[in-house]
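The values are calculated or read from the model by the stated rules, or taken from the named source; none is laboratory data. Only a predicted model underlies this, so the values are computations on that prediction, with no experimental measurement involved. Please note: Cβ atoms are built from the backbone with ideal geometry, for glycine as well, and neighbour counts cover all protein chains shown. Just the protein is used for accessible areas: all its heavy atoms, side chains included, with ligands, DNA and RNA removed. Shrake-Rupley method; radii C 1.70, N 1.55, O 1.52, S 1.80 Å.
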Amino acid sequence: MRLAIFCNDYWPTIGGVQTAVRGLAAGLGARGHRVLILTRQPGRAPVEEMVDDALVHRFEWNLAPVASFLPRALKARRSVREVVRAWGADAMYAHFVSVHALFAWDCARLAHVPLVLSFRGNDVMRIAPRSMVTRRTYAALTAAADANLFCSPWLMRQATGASWFRGR
């Protein structure tokens, strides 16, 4: 299986999401799966590189600065679509649901493949309920996902009880 993993940050930055996704990519690779990691472009990190056995592509899709987000997001959308289409993913997986999950959703619809969202904590507790816009966005994302995963039963109860959650 060829899995496209979307995450808000990745190597060379080190943190929880980065470590979890790197471990997930290694585990999938050890089981014979191919992994493409799509993430944001931090500082001087290369746009494309191999990290371990996973191909990593970086894009300028972060929210800040807000004033230039829309043109950067539209440019990133074209680039993300091109990379995913050329690579041929069988499924899209968003680890920690944030802006990058919108790109995963777009690619899943375009390629007619499953979309899996993996909630980790702050995405459920702080980002999703932040405003009417985020609540509507998360409602649409969770309804569109083929599966919504949670890192704990407690977090699943928090999300599935929230007004914005529409998924399964």
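A compact table of results
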read-out	value
Counted residues, the range 20-33 - those being surrounded by fewer than 13 Cβ atoms within 10 Å (Cβ to Cβ) and either basic (Lys, Arg) or at pLDDT below 95 (or both)	1
Enumerated strands (runs of 3 or more DSSP E) restricted to the range 34-109, each holding at least 3 residues that are open to solvent by less than 50 Å² (accessible area, probe 1.4 Å)	34-40, 54-59, 91-95
Scan of the range 122-143 for residues that are crowded, with 16+ Cβ neighbours inside 10 Å and under 21 Å from ILE5 (Cβ atoms), ordered by number	ASP123, VAL124, ILE127, ALA128, THR137, TYR138, LEU141, THR142
Pairs where the first residue, in the range 1-22, is among the small types (Gly, Ala, Ser) and the second is assigned to a helix (DSSP H, G or I), C-beta under 8 Å, 6+ apart	ALA4/VAL84; ALA4/TRP87; ALA4/ALA104; ALA4/CYS107
Selection count, the range 2-33, where residues are of a type in the set (D, E, K, R) and in a loop (DSSP other than H, G, I, E, B)	2
PHE150 being free of Cβ contacts under 8 Å to residues at least 60 places away in the same chain and buried (at least 22 other Cβ atoms within 10 Å of the Cβ)	no
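So that you can scan it fast, the table gives a plain yes or no per residue for (1) touching an Asp or Glu at 6+ places or on another chain (Cβ under 9 Å); (2) free of Cβ contacts under 8 Å to residues at least 12 places away in the same chain:
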residue	(1), (2)
PRO71	no, yes
ARG78	no, yes
GLU82	no, yes
ARG85	no, no
GLY88	no, no
ALA91	yes, no
HIS95	no, no
LEU102	no, no
CYS107	no, no
